[in-house]
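Everything below concerns the one structure shown next.
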Amino acid sequence: MKVVFPSPVWAKMLYWTRKTDLECGGFGYVSIDGPDAIIHDVIMVPQVATGSSVEFDAAGIAKAQYTHRVENKPGELKFQWHSHNTMGAFWSGTDKNNMETLSQHGWQIFSVINHKGEIQSAMWQPSPEIRIDIDTEILEIPRPLSAVEYDGFMVSVQQAYEAKDWHQVQAEVEWIQEQLTRGPTDKEAGQMWDAEFEANWKGKHKVQITKGKKRSRIQHDFFPSYMDIDEEDLEEWVAAINREQEGYNK
Ligand SMILES: [Zn+2]
């Protein structure tokens, strides 16, 4: 058995992972197709994260379940992913406890990834008890070709054709074939999800600070990361997050 990520889904998960030095994570919609567990999409839910832990908000998970049912999208919410930021992609003791809890009523697929794009995946189910690490495959789904790229190709191939430069015509055709079959590069994926930010997040996200007696909580709505911090560190964090927010709002 293996877990299969279509390249845009993989790119989205990796993009979120690399947007923060904290851990982060979420869920995903999966269906089983023969020996493959296909991940149709990944989502985030509100969470409390530090550099070495992440906890998901139960109400956020329930909302995701509900939304998925109403929208009637493929797969089931039986995939959970989280990042280990710059650390190794391996199962910690906490991860295994979490996997046990989540899989006590049926099968679940899990992945842990890091900034380098390393990944470990597993399938757990209660009965008959199966707890196996499984391979991961990234399925290249072609990115859409832009109108500018397409027009550029048409002009170049026309020029080569008129010049009877058959070598160049062939090179142009090979180029377009490659463009039409490959998935997004990291850079293109970044641009893709930056575009998602423009459309769905810009101007809507905010930083909330809940002051406690000894510790305060920062909630950063962009990829929702939340963090409990000491009073002394608060000002520094607020300044850093405001700088980041200014960058996004430009
Ligand atoms: Zn972990």
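A short reminder: the numbers here are calculations on the coordinates, not readings from a lab. Keep in mind that what you see is a predicted model, and the values were worked out from it rather than measured. Note that each Cβ is placed from the backbone with ideal geometry, even for glycine, and that neighbours are counted across all protein chains shown.
Key figures
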{"quantity": "Residue check for Val42: of a type in the set (Val, Ile, Thr), within 28 Å of Ile141 (Cβ to Cβ) and not in a helix (DSSP H, G or I)", "calculated": "yes"}
{"quantity": "Some residue of the range 112-124 being in contact with a strand residue (DSSP E or B) (Cβ under 8 Å, 6 or more places away or on another chain), touching a residue at least 60 places away in the same chain (Cβ under 8 Å) and of a type in the set (Ser, Thr, Tyr)", "calculated": "yes"}
{"quantity": "Selection count where residues are among the aliphatic types (A, V, I, L, M) and exposed (fewer than 14 other Cβ atoms within 10 Å of the Cβ), scope the range 50-74", "calculated": "4"}
{"quantity": "Matching strands (runs of 3 or more DSSP E) fully within the range 67-140 where at least 2 residues are more than 16 Å from the ligand (Cβ to nearest atom) and over 22 Å from Lys12 (Cβ atoms)", "calculated": "130-139"}
{"quantity": "Selected residue (only one of Val42, Val3 is surrounded by 19 or more Cβ atoms within 10 Å (Cβ to Cβ) and more than 12 Å from the chain's Cα centre (by Cα))", "calculated": "Val3"}
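Per-residue answers, yes or no, for (1) surrounded by 13 or more Cβ atoms within 10 Å (Cβ to Cβ); (2) without any contact (Cβ under 8 Å) to a residue 12 or more places away in the chain; (3) of a type in the set (D, E, K, R):
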residue	(1), (2), (3)
Ser156	yes, no, no
Glu162	no, yes, yes
His167	no, yes, no
Gln177	no, yes, no
Thr181	no, no, no
Gly190	yes, no, no
Ala195	no, yes, no
